[in-house]
1. Taking the stretch B:443-453, which residues are farther than 20 Å from residue B:200 by Cα and either of a type in the set (A, V, I, L, M, F, W, C) or more than 7 Å from chain A (Cβ to nearest Cβ) (or both)?
2. May I ask you to say which residue of A:340, A:287, A:275 is part of a helix (DSSP H, G or I) and within 14 Å of chain B (Cβ to nearest Cβ)?
3. Quickly run through the stretch A:67-80 and pick out the residues that are in contact with a Leu (Cβ under 9 Å, 6 or more places away or on another chain) and not in a helix (DSSP H, G or I).
4. Can you tell me which residues in the stretch A:107-128 are more than 10 Å from every other protein chain (Cβ to nearest Cβ), surrounded by fewer than 22 Cβ atoms within 10 Å (Cβ to Cβ) and hydrophobic (A, V, I, L, M, F, W, C)?
5. For residues in the stretch A:155-175 being surrounded by 17 or more Cβ atoms within 10 Å (Cβ to Cβ) and not aliphatic (A, V, I, L, M), which is nearest to residue A:88 (Cα to Cα)?
6. Determine whether the stretch A:245-258 contains at least one residue that is surrounded by fewer than 18 Cβ atoms within 10 Å (Cβ to Cβ), part of a loop (DSSP other than H, G, I, E, B), on the phi < 0 side of the Ramachandran plot and at the interface with another protein chain (Cβ under 10 Å from one of its Cβ atoms).
7. Being touching a Lys or Arg at 6+ places or on another chain (Cβ under 7 Å) and either modelled with pLDDT of 90 or more or not in a helix (DSSP H, G or I) (or both) is the requirement here; does residue A:235 meet it?
Amino acid sequence: MRVYRISNRQVFSFFVVIVASLSFGLPNLFMRTLKQDFWETIVVALVVEALLGWVLYQLGLRYPQQTIFQYSEAILGKFMGKIFSSVLVLFFITVSTVFLAAIVEFFTIAIMPETPAYVFKILLLLVSVYAIHAGIESIMRLTEIWAPIVVASYISIIVLNIKWMKLDNLKPMFQYGILEIAQTSLLPIAWFGICIIMGVLMAYHNSPKDFLKVKIGGLVSGVGILTLTMIAGIAALGMNVILKQVYSIYLLSQMVSIGDFIERMESIQVLTWLAGGFICISSFHYAGCEGLKQIFHAKSLAIIAPVVSIIIYMLTVILFPNSVTRTSFILNGFPYFALAVEIGGVFFLYTVSFIKDKLNPKRKRVK
Amino acid sequence: METQNDNLDQDLETNRKKLMERLQENQDLTFRDFRVGQKESRGFLAYFESLVDHEWITVSILKPLMLDFPGIQSIYDKHNFGIEDIQKQVLPNSRIDAVWEWNAVIQALLSGQTALFLEGEDKALILKTPSGEYRAVTESESEAVVRGPREGFIESIGVNVALLRRKIKDENLKLESLNLGRKSQTKVNIVYIEGVANPKLVEEVRKRLNRIDIDAILESGYIEELIEDAPQSVYPTVGNTEKPDVLAAKLLEGRVGIMVNGTPFVLTVPFLLVEAFQNAEDYYARPYFASLIRILRYISYMITAILPSFYVALQSYHQEMIPTPLLISMSEGREGVPFPVFVEALIMGIIYEILREAGVRMPRPVGQAVSIVGALVIGEASVQAGLVSQTMVIVVALTAISGFVVPALADTAAILRLYFLLPAAAMGLFGWQMAFIVLLIHLASLRSFGVPYTTPIMPAHIGELQDVFIRSPLWSMVARPALLSKGRRQGKNGWQLWRGGKKGK
């Protein structure tokens, strides 16, 4: 019988969903400095992310069917490899934590203010543990079926708000210099950089040669939809209103009204985003567990997954006691850590692998 | 009792004694003595009186032996004619097996056959004489159709095989037989079409069936539970059908059928989720209407599984989502209802399940009483008494009716209703959505005989979606399902056929 692995469509859907799920609280941070010019930083971030993707793709091809945790040990040696993997695990767990905190915060602020945050957190983490138990294939299948719904949700928000849009709101544009754009790009670069999870996924892909183009396709589609929705938000609400909103896209979805009968459909939108957010939490949770499994040579994730979920829970409590600390972490803490791992770590790994190959050509391409 | 499998003896009386020993305390075990040949060799027939057709024994065994035999001069005069001569020249039965072992003799007797013993022979002849007391081939009640073949399988595996062979007249239609159940020794057939079914799948079915070690197989449900991939799941991963045309269609797609003697339900594997939404009639009706009905089935299943919980979540937590005029009339209906909406939904759900179960189990004559109690007391009186809101009655009624649209998943829908109700009542749409995600992950992780259960939806096979939510025209369905069989089901490209037809060629 055919052994099922992750397919191209699943990888594509995955990157669409995780990028589109950044809508929980991030868009207004992206727009904060450059305002109407924010999309330029997103273009820069996409280029950097494509380069990063190429580097991981090369590593993935060189070490087929191995996760980044496995080949980092092969490249850096056992000890250094484990240290590198530990940093990566910490990174993945942090991303999962930030997603969890952002989603729970959104629910406690905007949807169900009377329900305590821990209820949401525990439920999301329990389901995440169940998803990990069911395996990466199951998470990817969920992604595959959910991506079209997420995309449809964004497109419906854009289309159904056309009547409010004023293109004048998109002016002024092109006001900032290259240096400012480069500086501001760091935040989107750091966030789109979470796509280094491809270092784990590529090992399970059924045709690794196609991975890069599928990934970039998914990334560009996801970022495109997110950016379009943000631009639609600016056009419909104006820059001033947007900047004061934490959840600008949510506000946009609240304005949808069909025939004066179907109104306030944002709960349905929220449901689609919740599933998208859950996919992010569980996939990064999974990546963290997979790393720990490699580090400790564990046989299964049965114990690791619940333990990591407890760690994620504790981290959300310690790191993000309130909305201000979360925003501050996203703006001032996370980008440096993320850039160090995504750019520094991955390029370092690639350089060492490259030098090792040059010194010992026989090792090259163990395909 | 310990089972010895030794061989038959040459001495007739020893054999009789042995047989009586093995089958003691069986009052319906009958011996019929006779003498044959010029030398009047002694012999006897052994059979279970309750299982055989007496007329058949008289006409096709005793008459040839005792009356017609003298006419066959070539062996009648022989001094030492043997049981082989009887088998080849005297008895006209279409099937006669010679056996040497006691276990084979006992097994044959227990399945309604007759054993013939002869003096001086260490083997016996097994003659097919089962009585034909079976239900006639009638219309299947569980899979009724308006257009399409009416016949359904019955309890006799032999008749069922005949019904199938009449549908598929192909030399590659293979039928493997085995007996399962230590005590019941139920005959089970594995059927598949060689060259269409994946040989690994057939081997897997064989392996799983051979693993079964249980006292009795009284219905195919026993086998289903013992061979399925996910016994812990509420979803069935083994399919069943009562209709020969459905079984034929499934075999032609590369599936394997498991026929069990004593039940009209034939198992098919692998069973995918989408099969539950397909109906034989979809393929006999025109594709547009069939597609519409197919979509309605999916909607109905969603309604029956999630409507009560969705209603509870909206009423309890997200009233803002309900359009204002609708909300006002719903709130008016709920005025004076003493229970929270969750309790109301739970009570009504349980009452409905009780009514349904009573409807299935009760003797037919009291049916009307249950209907009256259900319709008047539960429906009308409880609303008038202010115990239940009208909207809730509508929700429960819609849920109940929708449940019958997809009969294969009706029992899972009943469980899902309860499963969704609790998180929806506790946490509104958030809880409901988390429950939905768990369900999706569970479905995504299921497999049926190695094939992902939710194929071709997730993982998606775009080409095969033409027979999932809609039923495409037959000419466009050229290939067989890729995960089951690699071949094509149509020789010529259907598109060309269609275009040719359009041009009037």
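The values are calculated or read from the model by the stated rules, or taken from the named source; none is laboratory data. What you see is a predicted model; the values in this text were computed from it and never measured. Cβ atoms come from the backbone with ideal geometry, glycine included; neighbour counts cover every protein chain shown.
1. In the first step, residues of the stretch B:443-453 are kept if they are farther than 20 Å from residue B:200 by Cα; the result is B:443-445.
Within the stretch B:443-453, B:443, B:444 qualify.
2. Details: A:340 fails: within 14 Å of chain B (Cβ to nearest Cβ); A:287 fails: within 14 Å of chain B (Cβ to nearest Cβ).
Checking each option against the conditions leaves just A:275.
3. The initial filter retains those residues of the stretch A:67-80 that are in contact with a Leu (Cβ under 9 Å, 6 or more places away or on another chain), namely A:67-69, A:71-72, A:75-76.
Passing the criteria: only A:67.
4. A:109, A:110, A:117, A:122
5. The extreme case among them is A:156.
6. Checking the stretch A:245-258: not a single residue is surrounded by fewer than 18 Cβ atoms within 10 Å (Cβ to Cβ), part of a loop (DSSP other than H, G, I, E, B), on the phi < 0 side of the Ramachandran plot and at the interface with another protein chain (Cβ under 10 Å from one of its Cβ atoms).
7. Working: touching a Lys or Arg at 6+ places or on another chain (Cβ under 7 Å): yes; either modelled with pLDDT of 90 or more or not in a helix (DSSP H, G or I) (or both): yes.
Spelling it out, residue A:235 is indeed touching a Lys or Arg at 6+ places or on another chain (Cβ under 7 Å) and either modelled with pLDDT of 90 or more or not in a helix (DSSP H, G or I) (or both).
Okay, residues lined up against (1) in contact with a strand residue (DSSP E or B) (Cβ under 7 Å, 6 or more places away or on another chain); (2) of a type in the set (A, V, I, L, M, F, W, C); (3) within 30 Å of residue A:263 (Cα to Cα); (4) not in a helix (DSSP H, G or I):
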| residue | (1), (2), (3), (4) |
| --- | --- |
| A:86 | no, no, no, no |
| A:94 | no, no, no, no |
| A:98 | no, yes, no, no |
| A:101 | no, yes, yes, no |
| A:128 | no, no, no, no |
| A:131 | no, yes, no, no |
| A:188 | no, no, no, no |
